[in-house]
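**Student:** Okay, handing you the structure first.
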């Protein structure tokens, strides 16, 4: 049986959250941990849509938080699968915050989460391939290999010298 | 006035959480996003203890989740500052999960979060230096520079070719 | 100064929620009250986007709940302003539920909430007009007057005999 | 076997809630959605008391919110079944808010929720008849038929021309 | 100005809670800590009603938990002030649990909480006297002195030899 | 088979909580009920660690709250088993609060909770003996008998005249 194919748009999902008092620190700014909690939920749903399976969070890439998000702001999180590898999927999340009464909107940050699809007993199970369509999706698809090598190195499961894709970002001639 | 000095043990903090139904997915496993929420709180407290300031999450390094943590498990999160840079601090968090009735305990994962100390108007403010004492603390202190370069590169704020510390992990001869 | 105009699409907002244990009754079905809580948040954001103001819930029209939504389902709530009246706005919300692993998706229900835009002291303040564009938006715009008369009658603020628009649904010849 | 009879007072239930920060919007007023969540819980308990069954929310009638309820206020919700129809029950909820330190108390609003009693597999099951005792209960009992016709029409399950009870409120001569 | 008088019935308050998944342990029983949280809220409201002031919890008397309360049960908490002492008030709370579908209802436990009325800067402020009316209220009023002495002794603020009221329960002849 | 022995340090557990908006009253102070909820969780974990069993809260001794704990404070709760009796265990909890930016730290209060270890059907089951090691632990171990007699008397399960241990605190000669 041929493996099922899916496109990034098939897993696209948009989630909106209103920043409430308990989500904020004493400066009335959204706490990073709450934002990561939301990122995990939206990206898990994207991975579910791609795989039609229960999914578990496998890893989170480096995230940086630049602009403070305020109490009362509306946070929009857009997620879609960028690439799949056997039973795992990489999901990109873009976060945007908006102070609607003030008419201000800004890109907050973006992140990559990876998920593994599992069956009812929690064993990994293969997922459809992810075929990029737009130019932006193709760039994300290509970058996924590089990010995966970095993840494997940081988790101590690949030797840096074997990370051919990754070397390019360090501008290394072999 | 001489800058204040602190040791990693001064910021050490241990937090315990019980995994409740709303923290779990349909397999009754702790959701990654909830764990990151707890990691953010415990590491923010460590950074507060080091700096005696309000702190905001600046970034989170790559985290990988290996073992599922179950409903009813007790999760222990230990955090301490590893190194400070002007107004920012790197905090290491070690997560351990325990199924007490079953007498099982395991290392779940570890992570690095960075925080910036701010004054009441949210402007960055200098923090005490962090002086490592034990061998393990010295290794964490040294590694902090490498991790910082990786963060700056991934955030597009440093060229890979300038990341001298980081190059060592890719075994690159100059 | 001419009054500002907006279109329904300007206030469109999509919110996604995952049904967690605390959202469910003892049959593991989403409780109606939790769903209404989410409906209120998403429609308040739509009204905020239309008015760029703080908004307060003024009324909720009759809602009927047909299909049970299960624990673990993903609920999508789409909202947009259908029409505005001075300081008030009617918002239509469409709710859809999905059991992703089972590949099942269904329309759950729809509802109309009205909001009043207020200034910082809580006083009502005028909002932009809402100009429908598509056929569906025009039908919603026309129906808004009828629904408004029903609301006013049910709140005891209009005599049934004055509700000319509404009479049409009772097929009444004058 | 004769069908069991119950009175409205048998299902009477009073619930009290304290308005906490996370229940409020940026004006420190209770959000309508949170209030509806509480209304759903209290009326579901009233319907459970009438039927001694698990119940599911079937519909909510038009609700209007007049007075803002403030952070720190105490909200009292009183509910009782007004009438039953086979497996469904109509519940009336009266909401009162109190600013205790200020010695101020006011009627906030009232609403009608309907519930269906179900067995363990979720199938509708007959409930006891509801026999009104006081004058007020008799008026609510009579009105229940009119409200039910309006619900059926709004849900598209009854033709307006068949709604004999309802016509009276539009002062229509036949 | 004569001091204001109030009766226990003036502060009476009834609160109802539905036991949800997150309130329970792995045996699906309500956790004691959640029940105490509810007891504190209901008794604080009773103390507010007596004093028309902001109140802070001063102490909690010995509580024993006898019967497990199950997931899905309805918990009713009734509270009223039994006696006041300058700025402090003792509140008695009676807790009852009900499995409505099973038609089972039982007394769970009772407890005494004390509160201090404070002004806006948090300083203690006198409260009305509490005049008991029924026999049961008079017995609670008399017992309040004995319970107060036990509290003071346990808090190390009274010598046991001075606790004349309390001695009676130990059957001591002087 | 010889009964298993454990030491207080085997059950020691430290839990840290950050005071968030929803934990506070209108004076921005931590509500007593939320603190008791945390005390229950930390002491249940200590009792689980001592017994390696599921545990249920049996009783709570008199608690007095002296200093207000503020929004944004860090609360540390340390718990350990002091003594066991067949299937029950007494746990002592010490609570400390810290305003980290202000560099202020203070003892808030301490309390004794008792738990019963149960098997999967909820029946009491014997737990290991608790052998004190330090002087402080021995004093807590000795006091446990006195506190137990007070609990039994207050629960009406022991006559005051039989409470030999307890009499000592009332300085009574026999």
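The values are calculated or read from the model by the stated rules, or taken from the named source; none is laboratory data. Please read all numbers here as calculations on a predicted model, not as lab measurements. Cβ sites come from the backbone with ideal geometry, for glycine too, and all protein chains shown count toward neighbours.
**Student:** Could you tell me which numbered condition residue A:65 fails, if it satisfies all but one of (1) closer than 23 Å to residue B:58 by Cβ; (2) more than 11 Å from chain B (Cβ to nearest Cβ); (3) touching a strand residue (DSSP E or B) at 6+ places or on another chain (Cβ under 8 Å)?
**Tutor:** Evaluating residue A:65 over (1) closer than 23 Å to residue B:58 by Cβ; (2) more than 11 Å from chain B (Cβ to nearest Cβ); (3) touching a strand residue (DSSP E or B) at 6+ places or on another chain (Cβ under 8 Å) leaves (2) as the failure.
**Student:** Look through A:103, A:122, A:72 and report the one residue that is at the interface with another protein chain (Cβ under 8 Å from one of its Cβ atoms), at pLDDT below 90 and within 28 Å of residue C:54 (Cα to Cα).
**Tutor:** Criteria check complete, one pass: A:103.
Residue-by-condition table, conditions (1) surrounded by fewer than 19 Cβ atoms within 10 Å (Cβ to Cβ); (2) at pLDDT 90 or above:
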| site | (1), (2) |
| --- | --- |
| B:112 | no, yes |
| B:145 | yes, yes |
| B:170 | yes, no |
| B:174 | yes, no |
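**Student:** Can you name the residue in the stretch E:85-96 that is touching a strand residue (DSSP E or B) at 6+ places or on another chain (Cβ under 7 Å) and touching a residue at least 40 places away in the same chain (Cβ under 8 Å) and, of all such residues, is farthest from residue E:73 (Cα to Cα)?
**Tutor:** Ranking the candidates gives E:87 first.
**Student:** OK, next. Quick check on residue A:116: is it in contact with a helix residue (DSSP H, G or I) (Cβ under 9 Å, 6 or more places away or on another chain), surrounded by 15 or more Cβ atoms within 10 Å (Cβ to Cβ) and within 13 Å of residue A:51 (Cα to Cα)?
**Tutor:** So residue A:116 passes the test.
**Student:** For the stretch E:2-10, indicate whether the set of residues that are facing chain F (nearest Cβ under 7 Å), under 23 Å from residue E:127 (Cβ atoms) and surrounded by 23 or more Cβ atoms within 10 Å (Cβ to Cβ) is non-empty.
**Tutor:** No, every residue in the stretch E:2-10 fails to be facing chain F (nearest Cβ under 7 Å), under 23 Å from residue E:127 (Cβ atoms) and surrounded by 23 or more Cβ atoms within 10 Å (Cβ to Cβ).
**Student:** Just one of (1) within 11 Å of chain C (Cβ to nearest Cβ); (2) crowded, with 24+ Cβ neighbours inside 10 Å; (3) more than 30 Å from residue E:80 (Cβ to Cβ) trips up residue D:43, so point out which.
**Tutor:** Condition (3) is where residue D:43 drops out.
**Student:** Is it the case that some residue within the stretch E:19-29 is more than 9 Å from chain F (Cβ to nearest Cβ), buried (at least 20 other Cβ atoms within 10 Å of the Cβ), in contact with a helix residue (DSSP H, G or I) (Cβ under 6 Å, 6 or more places away or on another chain) and modelled with pLDDT of 95 or more?
**Tutor:** The answer is no; no qualifying residue exists.
**Student:** Hey, any hits in the stretch D:24-45 for a residue that's more than 15 Å from the chain's Cα centre (by Cα) and farther than 29 Å from residue A:21 by Cα?
**Tutor:** no
Residue-wise test of (1) assigned to a helix (DSSP H, G or I); (2) within 13 Å of the chain's Cα centre (by Cα).
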residue	(1), (2)
B:92	no, yes
B:97	no, no
B:105	no, no
B:120	no, no
B:126	no, no
B:142	yes, no
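**Student:** Going through E:67, E:50 one at a time, which residue ends up being surrounded by 20 or more Cβ atoms within 10 Å (Cβ to Cβ) and either within 24 Å of residue F:67 (Cβ to Cβ) or touching a residue at least 40 places away in the same chain (Cβ under 8 Å) (or both)?
**Tutor:** E:50
**Student:** If I filter the stretch F:134-142 for residues that are crowded, with 18+ Cβ neighbours inside 10 Å, closer than 30 Å to residue F:30 by Cβ, touching a helix residue (DSSP H, G or I) at 6+ places or on another chain (Cβ under 6 Å) and at pLDDT 95 or above, do I get at least one hit?
**Tutor:** Looking for residues that are crowded, with 18+ Cβ neighbours inside 10 Å, closer than 30 Å to residue F:30 by Cβ, touching a helix residue (DSSP H, G or I) at 6+ places or on another chain (Cβ under 6 Å) and at pLDDT 95 or above, one finds at least one in the stretch F:134-142, hence yes.
**Student:** In the stretch A:144-169, what residues are within 11 Å of chain B (Cβ to nearest Cβ), outside any helix (DSSP H, G or I) and over 18 Å from residue B:153 (Cα atoms)?
**Tutor:** Result: A:155, A:156, A:157, A:159.
**Student:** If I filter the stretch E:78-91 down to residues being closer than 23 Å to residue E:23 by Cβ and crowded, with 24+ Cβ neighbours inside 10 Å, which single residue comes out as nearest to the other protein chains (Cβ to nearest Cβ)?
**Tutor:** E:79
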